[in-house]
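Everything below concerns the one structure shown next.
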Amino acid sequence: MNEQELHDVVIRALTEVAPDVDPAAIDPQTDLTDQLDIDSIDFLNVLVNVHEQTGVEIPERDYPKLATLDDAVAYLLAAQPRGAGTDA
Amino acid sequence: MPSLGADMTSGTLLEWRVKPGDAVKRGDIVAVVDTSKAEIEVEIFEDGVIDELLVPEGTRVPVGTALATVRAGTEDEVPSARPVPAAPQPPEAHRLRASPIARRVAQQLGVDLAAVTGSGAAGAITKADVEHAAAGAVTPVAPAPAAPAPAASGAPAPPPAPPATPAGEPGDRALAMRQAIGALMARSKREIPHYYLQTQIDMSRALAWLAEENLNRPIAERLLPSALLLSAAARAAAATPALNGFWVDEAFRPAEGVHLGVAISLRGGGLVAPALHDADRSSLDELMSGLRDLVTRARAGRLRGSEMSDPTITVTNLGEQGVELVHGVIYPPQVALVGFGAVLERPWALEGMIGARPIVTATLAADHRASDGHAGSRFLTLIDRQLQKPEEL
């Protein structure tokens, strides 16, 4: 997936747990849990959803690296499998 | 119209999920009801055949109104119509007793526990019962529970009715919910002599164990600290009967199981506190998946009636917002509310040394009519003890 597609995946996952949020109003550089008033269960649901859509494994210690929208997209872009058998 | 929580006085029947002639079994969802708080899926508590729907969709009726009549037995039998339980249910009347392993096996094998007869203690469903049912063995359907008590006996007095507000508009719902919460909490503060206790708990072991455990788990199966706190609270409640139950008719009625109410804040304001059933006998995995499911459905407005009416003790976890402790207000007719604050790194003295440790402050608000500080203190100590042995939760 390219950057835009990953961006859309994250937005979709976020609006699933916070349906009242206007995607256009999300500040890409502000902490998502504070900004959207979501809790750890919501955030876990977002990450599970993103994992299912992208196949990217997200170890628990990396959760802080997905704290903002920009960070999350950058993390996924760097971590996503690049074709079968080549994800190292 | 069942009472879906002590703060409910009436409900609007939104949708029937059954029609006359449909066979139903205990636990089936038969209707969706709109309370002031949420849309709730209403289960039926006996087996039979739907005879007549008495309340049309879109109608608002008081708690206690008969919604439909149900014939006992199968369609071929002589009909003996009797009203669907409509009076407020005794909270523990329709609970399924099943061991955690039995629940897990039932889930794996796709067996509906409501249709399994338990052979264990007090009719509890065992693993063997589930396997028996899955193998297609003739398993008699669990008998329907006794007819519900009339509204006047055993049920708590309803709180003052909030002004009738048509549900539908978000603003109306938010207002109605605020009024319902206000009425219930005012009743709690008016009637319940609360006493409060608090203790600080070192979470080092619990969090270290959790991090290690999560390393080996796929993301969808990872545990959150909340699951450990809920499990510890549920087990401590099971060991402290004076805190787990209901104050009804000037007397304390202990509950049979621990159905842990979990306070869940809703987007746009307000909160609900539905139950995780048999939380003291659930594994951490079951609690975690139950919690995720409950939070998701609570916020989507799709809870079930038994979840709303069953809690025997409630936990509120305000740590997510960063506060250090919460002194809760008890949900009548329950007699205790457990609070957890944020897990914060704090200086902690141990064996003459001071170090930085993750600390959570656990609190208890309890009803002095049902228990004393001694029992409450024992309860918080038990929570602490459980959290020092996370591998046993």
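The values are calculated or read from the model by the stated rules, or taken from the named source; none is laboratory data. Everything quoted here is computed from the prediction, not taken from an experiment. Neighbour counts run over all protein chains shown; Cβ positions are idealised from the backbone, glycine included.
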Residues that are closer than 27 Å to B:Trp209 by Cα, within 11 Å of chain B (Cβ to nearest Cβ) and in contact (Cβ under 8 Å) with a residue 60 or more places away in the chain: which helices (runs of 4 or more DSSP H) entirely in chain A hold 1 or more of them? none
Quickly run through the range B:318-340 and pick out the residues that are modelled with pLDDT of 95 or more and within 14 Å of chain A (Cβ to nearest Cβ). B:Phe340
Restricting attention to the range B:356-389, and to residues there that are over 30 Å from B:Glu250 (Cα atoms) and either at pLDDT below 95 or of a type in the set (Val, Ile, Thr) (or both), which single residue is farthest from the chain's Cα centre (by Cα)? B:Ile359
Quick test for you: out of B:Ala220, B:Ala237, B:Ala255, pick the one residue that is surrounded by fewer than 20 Cβ atoms within 10 Å (Cβ to Cβ), small (Gly, Ala, Ser) and assigned by TED's automatic domain parsing to the domain that holds B:Pro333. B:Ala220
